[in-house]
């Protein structure tokens, strides 16, 4: 062991400095421990990263993991349904056949519906207050010329719709939110549209859906005046991909004017010919970006 000679001034100074450094280091370590104990839960750097990841997952786009029948739901087999009781709640069914809703205020939820029919789920014209949510709607993809996953008016939430020609076709006001429309497939000579509005419709909100048209025609969202005028269609904060043009607002037909159509804050995957086709009307267009690059698509 080396001992210090107190008569050596240089050696004494080094000893004092070393002792001081040890004392300061120890004090800082004790202070860090004390401060860590006082920090609220979730305040560490690791937990901040975890929180950010959780927020991202919670805000993800609709897909097969967060639409359709909730995991763990037990389904009871059923055939075709015609619902005529106002206010009926239909839930937890595995329906091998189509559903016709002919009464107001009906809720169809947490069910799987499979049918190669023109309308897999049909809401009768003039019926109001219908809610269709958390369902898987499968048009089979063969023997289903012109098929629609849902046709009618109502509130449509968190549905997984596939293997049809058109995901949702409207003939009245609607809220379409958090749905996953994809893998469009039909027999015959299909003109594929994720969401189709062919006139005579007003007061529609299309928000936070994923709509993927894998074909080079027609659109993720089609709006036109073929059967009548259009007024008040809001298309906001969706992920819309594919088709000939990704979105249409087409006023070339004789059904009447198109007014108050807006496309805002959407992510658009470019169709075969472009992002949008607007004829005979001037929709509001702002905050839309390219789905792959995030590039802003300008304002109109």
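Residue count for region 104-142, restricted to those that are surrounded by 18 or more Cβ atoms within 10 Å (Cβ to Cβ) and either at positive phi or in contact with a strand residue (DSSP E or B) (Cβ under 7 Å, 6 or more places away or on another chain) (or both): 25.
Considering each of 246, 234 in turn, give the residue that is surrounded by fewer than 18 Cβ atoms within 10 Å (Cβ to Cβ), assigned to a strand (DSSP E or B) and modelled with pLDDT of 95 or more. Before you say what the answer is, go through the steps one by one.
Working: 246 fails: surrounded by fewer than 18 Cβ atoms within 10 Å (Cβ to Cβ).
Of the residues listed, the single one that is surrounded by fewer than 18 Cβ atoms within 10 Å (Cβ to Cβ), assigned to a strand (DSSP E or B) and modelled with pLDDT of 95 or more is 234.
Modelled with pLDDT of 95 or more, touching a strand residue (DSSP E or B) at 6+ places or on another chain (Cβ under 7 Å), surrounded by 24 or more Cβ atoms within 10 Å (Cβ to Cβ) and in the same structural domain as residue 264 (by TED's automatic domain parsing), is that true of residue 203?
Working: modelled with pLDDT of 95 or more: yes; touching a strand residue (DSSP E or B) at 6+ places or on another chain (Cβ under 7 Å): yes; surrounded by 24 or more Cβ atoms within 10 Å (Cβ to Cβ): no; in the same structural domain as residue 264 (by TED's automatic domain parsing): yes.
Against the criterion (modelled with pLDDT of 95 or more, touching a strand residue (DSSP E or B) at 6+ places or on another chain (Cβ under 7 Å), surrounded by 24 or more Cβ atoms within 10 Å (Cβ to Cβ) and in the same structural domain as residue 264 (by TED's automatic domain parsing)), residue 203 does not qualify.
The values are calculated or read from the model by the stated rules, or taken from the named source; none is laboratory data. Note that the structure is predicted; figures quoted are calculated from it, not measured. When we count neighbours, we look across all protein chains shown, and the Cβ atoms used for this are built from the backbone with ideal geometry, even at glycine.
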